[in-house]
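Visitor: The structure that follows is given in the form of structure tokens.
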Amino acid sequence: MDMIERVRADNPGPMTLTGTNTWLVAGPTGTVVADPGPDLPEHLERILAAAGTIGAIVLTHRHHDHSDLAGPLATRTAAPVLAADAQLCRGASPSDPRARRGALAAGAQLPGGLRVLTTPGHTDDSICLWHPASRSLLTGDTVLGQGSSVIAYPEGEVAASLASLTALVGFAEQHDVQQLLPGHGEVVTEPVVRLRHDLAHRHERIDQVKAAVATGHRTVAEVTAVVHAGLDERLVGAARASIAAHLAHLEALDDTDPWLAGRAR
């Protein structure tokens, strides 16, 4: 196989775009499978056929469309599952040099020459994977091939996203990153431009939510209707979760908000 190959899962949709990208990174002791994806039998077989010997399975974050196949793949291959969330790890002891307390931490060195960058924001356990040999950054859902990542309350945090994107801009400039390999969508060939765009977009969304609140809109549903007017109905749920995260960032999320009450049922 090439240094890095993609196997795309057949799970297209409004949130997954053309499907989840599973990235296969060649290494001297076996292939690293980054984000095995949803639990689809045909996707499992395609990964096994393309990867050959699998040395490790790495998750960029906990979401099901990235992580559900990790268990079946680990069972078939006996490869360890590594992630920033210790509950997702499997077969990697706390003494493993690739892990700390059983979970990946910033700077951890992985098979295939990968290095972990912790990038919370989309979720609190989000990481990116730096592959210096190809000058590629695997971004999971921190940066997508098209559109912007959802920062969904409560596991997503706007301040963390801003900090992560700012750090990634600096990292991309310092290390001459040539491409971003996202969890969904196509390869990004102008990393710094894209990262700066996403950072500016995040600030713009904060300003939009702030303006909606200033004009009297208070609830998650009200602010969503203003900020995302005319949005595809299939995306309204995700938009409301994102607006809730932005309201929380602005300390304007009311504990009695009907959206929060609906989630608690």
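The values are calculated or read from the model by the stated rules, or taken from the named source; none is laboratory data. These numbers were taken from a predicted model, which means no experiment stands behind them. Note: ideal-geometry Cβ built from the backbone for every residue, glycine included; neighbour counts use all protein chains shown. These accessible areas exclude ligands, DNA and RNA; they are computed on the full protein's heavy atoms, side chains included. Shrake-Rupley method; radii C 1.70, N 1.55, O 1.52, S 1.80 Å.
Visitor: So how many residues does the stretch 74-88 have that are crowded, with 24+ Cβ neighbours inside 10 Å and either in contact (Cβ under 8 Å) with a residue 60 or more places away in the chain or over 17 Å from the mean Cα position of the chain (by Cα) (or both)?
Guide: Going through the stretch 74-88 one residue at a time, the tally reaches 1.
Visitor: Any residue in the stretch 1-25 that's open to solvent by 60 Å² or more (accessible area, probe 1.4 Å): show its pairings with residues that are of a type in the set (Ser, Thr, Tyr) at Cβ separation under 9 Å, as long as the two are six or more apart or on different chains.
Guide: MET1/THR31; MET3/SER134; MET3/SER136; ARG6/THR22; ARG8/THR18; ARG8/THR20; ARG8/THR22; PRO12/THR18
Visitor: I would also like to ask the following. Those residues that are more than 20 Å from the chain's Cα centre (by Cα) and either among the acidic types (Asp, Glu) or part of a strand (DSSP E or B) (or both), I need them from the stretch 27-68; list them, please.
Guide: If the condition is that a residue be more than 20 Å from the chain's Cα centre (by Cα) and either among the acidic types (Asp, Glu) or part of a strand (DSSP E or B) (or both), then THR31, GLU42, GLU45, ILE54, GLY55 are the ones that fit.
Visitor: Select from the stretch 161-178 the residues that are surrounded by fewer than 20 Cβ atoms within 10 Å (Cβ to Cβ) and of a type outside the set (A, V, I, L, M, F, W, C) and list them in ascending order.
Guide: THR166, GLY170, GLU173, GLN174, HIS175, ASP176, GLN178
Visitor: Within the stretch 231-246, does at least one residue satisfy the condition of being of a type in the set (S, T, N, Q) and over 18 Å from LEU162 (Cα atoms)?
Guide: No.
Visitor: How many of the residues in the stretch 165-201 are of a type in the set (Gly, Ala, Ser) and in contact (Cβ under 8 Å) with a residue 40 or more places away in the chain?
Guide: Going through the stretch 165-201 one residue at a time, the tally reaches 3.
Visitor: Further question: Among residues belonging to the stretch 122-160 that are β-branched (Val, Ile, Thr) and either under 15 Å from ALA83 (Cα atoms) or part of a loop (DSSP other than H, G, I, E, B) (or both), point out the one that is most open to solvent (accessible area, probe 1.4 Å).
Guide: VAL150
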